[in-house]
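Accompanying notes for the structure given below.
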Amino acid sequence: MATSLTVVLPGDEILQDALPTPTGKKKTLTLGPGLRHIPPNTIATTIAGALATDNRKNAAWIEFNSGRYIPTTGDLVIATVQGSAGESFNCLLSPNTPPAALPHLAFEGATRKTRPQFPPNTLVYARIVSAGKDSAPELTCVEPSTGKGDGLGQVKGGMGFKISLGMARRMLAGSKGGITLPEMLGQKVGFEITVGRNGILHVDGGSVKATLAIGRALQEIDEQALGEKAQKKLAEGVLKSL
Amino acid sequence: MAPEAILSHLHRADGSATYTHNGYCVIGAVNGPIEVQRRDEMPEEATVEVNVRPAVGVGSPKERHLETLLHNTLRSIILTRSIPRTLVQITLQVRSLPEEEISTGVNTTLTLLPHILHTALLALLSASIPLSTVLTSTLIAIPSAPNARPATPLVSPTAPELLRAKPIRSVHVFAFAGDGRMLLNESDGVFSFEEWDEAAEAAEEVCCKEEGGVGLGEGVDVDGKEGTNLEIWLREVVKRKVELEQRWKSAR
């Protein structure tokens, strides 16, 4: 990931030499969030942020960490069940947005006779199968190719924490995101964390004390942009308190 | 003096900004894209809702007028077609006005307008609402000339400056898009076309980056005294926002 900090404002044209130079097989340029194509061949930005490019994938996008979550196909999210209507659950991805549909049969091993029953305000970990500007998002809790759950489904126990969208992206990006705290803690205590791309982090530490300590620590990393050394110090503090 | 701006400081709103300049202070908050009420829903566009709240008391026709002006200007820069059937809600709370505001004798709607426009834009940027371009805006006041010689227009005058230059013959507010197109013009008072033209030129000089001039990062002195070009200022503000968001990359 090439990251030179090019700050862009909405309406800025991205010049040809700032766009990625394809090194892989893929020849068509992929535009990510924050960029739009104005025919015939102008690439303009729509939001303020930093331009990021990937030469191997021949992709360009704008890095930003503010605003509301916008559903995108393929994203893993923690949705709140609001109620059940007909063949599907109505789920909320963020407050005051149109509900997303989660079909009753989109669970591992669910049939017409054994469909899951969720009371309102249940949290489910789901993948977005379709999200367009012209339709409400649709969710699923099974991998379409295998029919297995693969960790998707109801999130039990523990507690949900709010984190920024950028933090959620970093946590899902693995080692590139630079979040080392969970691994450091994992060597000493057992816990489970679930990260939704819509800015919700679910922590189950077994006890209330552990859940809160881990959740708060991760929120602190988000707010104060802690680096690896600071995270190590924080992890030691958390372990001491448990 | 360049305006001061703080971005994304309200944690409950999707985007927010506080803007302080020449004794004016405005807080802006943006929520969106959110679910729109059925009767306001438009099939192919986003609905934009602007609420202006005055520093004292409840809203009056003056605020409704400002809301209309803002609504029309912002609708033209928000990419409403990329987020159809949603609502973008913009709330602007005027926090303080300069003491001399009432006694300047000019239209107080116009003196407030550029500040409120900037606040709305910054809050929209903070909320990452898709925009087609940015805008910059300024106030130009033309004092009445006592002895037949043409008066020099005051660019972005402070309230005490307006008071000293009294009587003011006309005031103009201009807003320009990032590419230099004029987005909004509101004028009040008695003026000739030549005067308006001169005011428009003076405003363009402050609002837009000079063509083929100095590079982005360098501070350009407009007239040697004002020292702030609004587009350069805007880039500075956004740069600070981006640096704050990306600081984890260099954190240790």
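FYI, it's all coordinate maths here, none of it is from the lab. This structure is a prediction, so every number in the text was calculated from the model and none was measured. Cβ coordinates were reconstructed from backbone atoms using ideal geometry, including for glycine residues, and neighbour counts include every protein chain displayed.
On a C-alpha basis, how far is the centre of segment B:108-150 from the centre of segment B:164-191 in Å? Whole number, if you could?
Their Cα centres are 8 Å away from one another.
Sort largest first and round to whole Å: the equivalent ellipsoid semi-axes of segment A:159-241, each the square root of five times a Cα gyration tensor eigenvalue.
Working through the eigenvalues yields semi-axes of 18, 15, 11 Å.
Roughly how far apart, in whole Å, are the Cα centres of segment B:71-91 and segment A:193-232?
35 Å
Enter the Cα centre distance for the pair segment B:1-61 and segment A:175-191, rounded to the nearest angstrom.
Segment B:1-61 and segment A:175-191 have Cα centres separated by 39 Å.
Could you identify which residue out of A:ARG56, A:ARG68, A:ARG216 has the top mean-square fluctuation in a GNM of chain A using Cα springs shorter than 10 Å?
A:ARG56
Pairs to check: B:LYS62/B:LYS239; A:LYS27/A:LYS229; A:LYS25/B:LYS241; A:LYS162/A:LYS233; A:LYS156/A:LYS176; A:LYS229/B:LYS241. Give those whose C-alpha atoms are more than 31 Å from each other in this structure.
Long pairs (Cα-Cα over 31 Å): B:LYS62/B:LYS239; A:LYS27/A:LYS229; A:LYS25/B:LYS241.
Which whole number in µm²/s is D for the protein assembly as shown by Stokes-Einstein, with the Kirkwood Rh taken over Cα pairs at 37 °C and 0.692 mPa s? Walk me through the numbers on the way to the answer.
Values: Rh = 25.1 Å.
Here the translational diffusion coefficient equals 131 µm²/s.
Using R₀ = 41 Å, calculate the FRET efficiency as 1/(1 + (r/R₀)^6) where r is the Cβ-Cβ separation of A:GLU13 and A:ALA85; round to 0.05.
0.35
Using the Kirkwood radius built from alpha carbon pairs, what does the Stokes-Einstein equation give as D for segment A:85-125 at 25 °C and 0.890 mPa s, in µm² per second?
221 µm²/s
Connecting C-alpha atoms closer than 10 Å in a GNM of chain B, tell me which of B:PRO98, B:PRO143, B:PRO43 has the biggest fluctuation.
Fluctuation is largest for B:PRO43.
Could you pull the Rg and Dmax for chain A, using just the Cα atoms, both in Å?
For chain A, the Cα radius of gyration and maximum Cα-Cα distance read 20.1, 60 Å.
If the viscosity is 0.890 mPa s and the temperature 25 °C, what Stokes-Einstein diffusion coefficient in µm²/s follows for chain B when Rh is the Kirkwood radius over Cα pairs?
My calculation gives 129 µm²/s for D.
Relative contact order for segment A:159-241: what percent, with Cα pairs under 8 Å and sequence separation of 6 or more?
Relative contact order for segment A:159-241 comes out at 35 percent.
With the Cα gyration tensor of segment A:76-154 in hand, give its eigenvalues times 5 under a square root as the equivalent ellipsoid semi-axes, listed largest first in whole angstrom.
Numbers: eigenvalues 67, 42, 26 Å².
Its equivalent ellipsoid spans semi-axes of 18, 14, 11 Å.
Using a Gaussian network model of chain B with C-alpha springs under 10 Å, which one of B:THR158, B:THR109, B:THR136 is most mobile by mean-square fluctuation?
In this elastic network of chain B, the residue with the biggest mean-square fluctuation among B:THR158, B:THR109, B:THR136 is B:THR109.
Taking the 0 to 90 degree range and rounding to the nearest ten, how far is the long axis of helix B:230-245 tilted relative to the main principal axis of chain B, both from C-alpha atoms?
On a 0 to 90 degree scale, this one is about 30.
Projected onto the charge dipole of segment A:2-63 (+1 at Lys/Arg Cβ, -1 at Asp/Glu Cβ, origin at the Cα centre), which of A:LEU35, A:ASN58, A:ALA48 gives the Cα projection farthest towards the positive end?
A:ASN58
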